[in-house]
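Taking it in order: structure first as structure tokens, then the write-up.
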Amino acid sequence: MIRKSDMSSDPGQGMNYWRSLQELADTDEYRNQLENEFPGGVDAPGGMTRRRFLQVMSASIAMTTLAGCRWPEEKIVPFVNRPEGVTPGTPMQFATTLELGPVANSVLATSYDGRPIKSDGNPDVPLSQGATPAFAQASVLDVYDPDRSKKVMHRKGAQVIESDWASFEKFATEKFAGSLNGVAILAGASTSASRNMLMKRAAAKGAGIFLWEPVCRVDEMRGLAKAFGQPAMPQLDYTPAQVLVDFDANFMQDHPTSLRNSKQFSAGRKPEEGHMNRLYVYENTFSITGGMADHRFPTAHGDIAAAVWALAAELVLGEGLPLPSDAGITRSQLNRFKGHKAGGEHIAAVAKDLMDHRGHGLLLAGLRQDPDTHALVQVLNTALGNVGHAISFLPIEAPRVRFVDELVHELNAGHIETLVVLDSNPAYSAPADLKFAEAMQKAQTRIHLGHREDATAKLSTWHLPMAHFLESWGDAMAWDMSYLAVQPLIAPLYGGKTVTEILSLMADEAPRDSYGITRDAFDLMTGGSGSAPADEPAFEKKWRAFIHDGFLKGSGQDHGQTLAMAGTALEVPRDAGDLGPDNLEISFLHDQSVFDGRYADNAWLQEMPDFMSKLTWDNAALFSPSTADELGLKHGDLLELDYQGRKL
């Protein structure tokens, strides 16, 4: 903490510390906010002193409290036959995995008398090293969320009736018998081998497979495919990196390896050991990474791609950096960005720093950047000799899926009779201009599997409660290709099912439960046929080790490969134009508390203050001070944003 300039004159009171920049400035506006933060006191009724009023009210409250102290009657099941080795009151830990979109985090979940109460990082997994993100820690609370879906709901016309799993399974068995032509499956992104295996079976029966994930690294994959001719996953190692340039990447929080990134980055900032890495950040919002930067350059989102090109121009034309063969860019393209305003006045110093540390630098682009920007960043990493040191690549097989915009086109064309939405809420989170909610209703049958009766559930003919990951069997793949286990700590509280169980109901002749599906996938991943043997000691030993450790030992990759450039021509970004009060840029991005909205009901995350604004349980439109002054805005103003006919 930094001390406030005006100290208390009373030695017994100690020093005062400021808790925000507004408190340090001590403006009239801030003082008014403090005065209005809590409502003023209420005057006592006439003829009664304040003391007497409080006595009467205290007595009333006490009587009301005593009247409500009777516990509601609840029937419990006694733990008569305790399992061997289980001691009441002793916490137990189980290794499992939280998958948030395409990012899997291995965790150790703590159970107390059969109830999940806490999750920590798995110390044996290299990507986490015992750490865990806030979403994994808070996810335990979602198990006990009173707003979770508890029943199978069936909509018949305007009437919604309570149903059950037996009725739905009977309907699904008849509906999905034989071909799946005319059926579309829309799911969130996942790295699960068992889920992908069942998706392929459903596609082989004629189903269309579509993907929608609001926060995803699809453009990064496309960019690497453009740069190297094949999709790949970049593997980062900050240990040798002495100069880092972050273009809206927020690698300490938004990257799949953010936990390890933060530890490695921090290890490189120890002046007592004789060295300090240097971090440059270009971003249009506040981030943890930007807060740690040695040099932070506020940049409009529409100018970040141009800033990458400006750096490339300075490196090649200014510093004489030779480009690799088949780089996909030309000097004439770079000439357009030499001295471009998006690069700022310090771009030459950044380029020189990178040149002085060739082979010991790293450039990164964020998930909101377009594929050409990602490709250019990897061209520069290759030219600077960073590939093979701070960054390498793991080639992957591109999943054969289509995206939500193509699904909307198919729905509007009347090609989809049955739509199955699995663990996704596109009616809320899909881009507004797609009008997904309208298109969805053109499918005759609409099935939704989810944790809550959300916007998509309310438009579905069948809504199915989904099991929480702490109630599920499954698998996932970490960013370094480690094969991870998902195992339950508790039976589904409300009889929820997993995504794989619904897919098995659609794709398999004999539907399987999630335990059997996961064992079959594990058998396939360990060199088997994909059908787990029963009572085979060698398999059981491997399986037990897998679920005990939480991951398959030896499956992760310490380092990736060096890939050759493909020579695909890259396109330069369009000019964003000059921004000002009459030409504002609006930028929507995922929140560090509620993510894409899926954690809006999680009180722990809502109570977590934003690291910069300190907001809790709230959202705000953030403006730079100069723009706010030009628009006549001040803290606490209620605004209406109008964009292309839509208002917020």
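The values are calculated or read from the model by the stated rules, or taken from the named source; none is laboratory data. It should be emphasised that the depicted structure is a prediction, and the values quoted were computed from it without experimental measurement. So basically every Cβ, Gly included, is an ideal-geometry build from the backbone, and we count neighbours across all protein chains shown. Accessible surface areas use protein heavy atoms only, side chains included; no ligands, DNA or RNA. Shrake-Rupley method; radii C 1.70, N 1.55, O 1.52, S 1.80 Å.
Considering each residue of the range 530-577, count those that are open to solvent by 80 Å² or more (accessible area, probe 1.4 Å), of a type outside the set (A, V, I, L, M, F, W, C) and over 30 Å from Asn381 (Cα atoms), and give that number.
Residues meeting the conditions: 8.
Determine whether Pro431 is over 30 Å from Ser106 (Cβ atoms) and at pLDDT below 95. Full working, then the answer.
Working: over 30 Å from Ser106 (Cβ atoms): yes; at pLDDT below 95: yes.
Criteria met by Pro431.
Kindly provide the set of residues from the range 396-419 that are of a type outside the set (A, V, I, L, M, F, W, C) and open to solvent by less than 50 Å² (accessible area, probe 1.4 Å), ordered by number.
Here is the first cut: in the range 396-419, the ones of a type outside the set (A, V, I, L, M, F, W, C) are 397, 399-400, 402, 405-406, 409-410, 412, 414-415, 417-418.
Result: Glu410, Thr418.
Out of all the residues in the range 252-264, is one or more in a strand (DSSP E or B), open to solvent by less than 10 Å² (accessible area, probe 1.4 Å) and either touching an Asp or Glu at 6+ places or on another chain (Cβ under 8 Å) or hydrophobic (A, V, I, L, M, F, W, C) (or both)?
no
What are the residues in the range 578-595 that are farther than 18 Å from Asp147 by Cα and open to solvent by less than 50 Å² (accessible area, probe 1.4 Å), if any?
Within the range 578-595, Gly580, Ser587, His590, Gln592, Ser593, Phe595 qualify.
Could you tell me which residue of the range 265-286 is surrounded by the fewest Cβ atoms within 10 Å (Cβ to Cβ), considering only residues that are farther than 25 Å from Leu127 by Cβ and of a type in the set (S, T, N, Q)?
My answer is Thr285.
Tell me, which residue of the range 305-337 that is charged (D, E, K, R) and farther than 17 Å from Pro573 by Cβ is surrounded by the fewest Cβ atoms within 10 Å (Cβ to Cβ)?
Arg331
Hey, does the range 120-142 have a residue that's closer than 24 Å to Asp596 by Cβ, open to solvent by less than 10 Å² (accessible area, probe 1.4 Å) and without any contact (Cβ under 8 Å) to a residue 60 or more places away in the chain?
Yes, some residue in the range 120-142 is closer than 24 Å to Asp596 by Cβ, open to solvent by less than 10 Å² (accessible area, probe 1.4 Å) and without any contact (Cβ under 8 Å) to a residue 60 or more places away in the chain.
Residues that are small (Gly, Ala, Ser): find the strands (runs of 3 or more DSSP E) completely inside the range 95-166 holding 1 or more of those.
In the range 95-166, 103-112, 115-121, 159-163 are the strands (runs of 3 or more DSSP E) which contain 1 or more residues that are small (Gly, Ala, Ser).
Any residue that is of a type in the set (A, V, I, L, M) and modelled with pLDDT under 85 - is there at least one of those in the range 580-599?
Taking every residue of the range 580-599 in turn, none turns out to be of a type in the set (A, V, I, L, M) and modelled with pLDDT under 85.
Give the number of residues within the range 329-353 that are within 22 Å of Ser392 (Cα to Cα) and in contact with a helix residue (DSSP H, G or I) (Cβ under 7 Å, 6 or more places away or on another chain).
Adding up the residues that qualify gives 2.
Condition first: crowded, with 17+ Cβ neighbours inside 10 Å and part of a loop (DSSP other than H, G, I, E, B). Now tell me which residues in the range 493-507 satisfy that. Don't jump to the end; show me each part of the working.
Residues of the range 493-507 that are crowded, with 17+ Cβ neighbours inside 10 Å, as a first pass: 496-507.
Hits for the range 493-507 are Gly496, Thr498.
Working only within the range 293-304, note down all residues that are in a helix (DSSP H, G or I), open to solvent by 10 Å² or more (accessible area, probe 1.4 Å) and not charged (D, E, K, R). Lay out the reasoning, then the answer.
First, pick out the residues of the range 293-304 that are in a helix (DSSP H, G or I): 301-304.
Narrowing the set further to residues that are open to solvent by 10 Å² or more (accessible area, probe 1.4 Å) leaves 301-303.
His301, Gly302, listed by residue number.
Only one of (1) under 30 Å from the mean Cα position of the chain (by Cα); (2) open to solvent by 80 Å² or more (accessible area, probe 1.4 Å) fails for Lys634. Which number is that?
(1)
Quick one: Asp523 ticks every box in (1) in a helix (DSSP H, G or I); (2) in contact (Cβ under 8 Å) with a residue 24 or more places away in the chain; (3) of a type outside the set (Phe, Trp, Tyr) except a single one, so which number is it?
Answer for Asp523: the failing condition is (2).
Looking at Val350 and the list (1) modelled with pLDDT of 95 or more; (2) open to solvent by 50 Å² or more (accessible area, probe 1.4 Å); (3) among the hydrophobic types (A, V, I, L, M, F, W, C), which single condition is not satisfied?
All conditions pass for Val350, except number (2).
On the basis of being surrounded by fewer than 21 Cβ atoms within 10 Å (Cβ to Cβ) and of a type in the set (Ser, Thr, Tyr), does Thr289 make the cut?
no
Report, by residue number, each residue of the range 609-631 that is open to solvent by 100 Å² or more (accessible area, probe 1.4 Å) and more than 23 Å from Met292 (Cα to Cα).
Result: Trp617, Asp618, Asn619, Asp629, Glu630.
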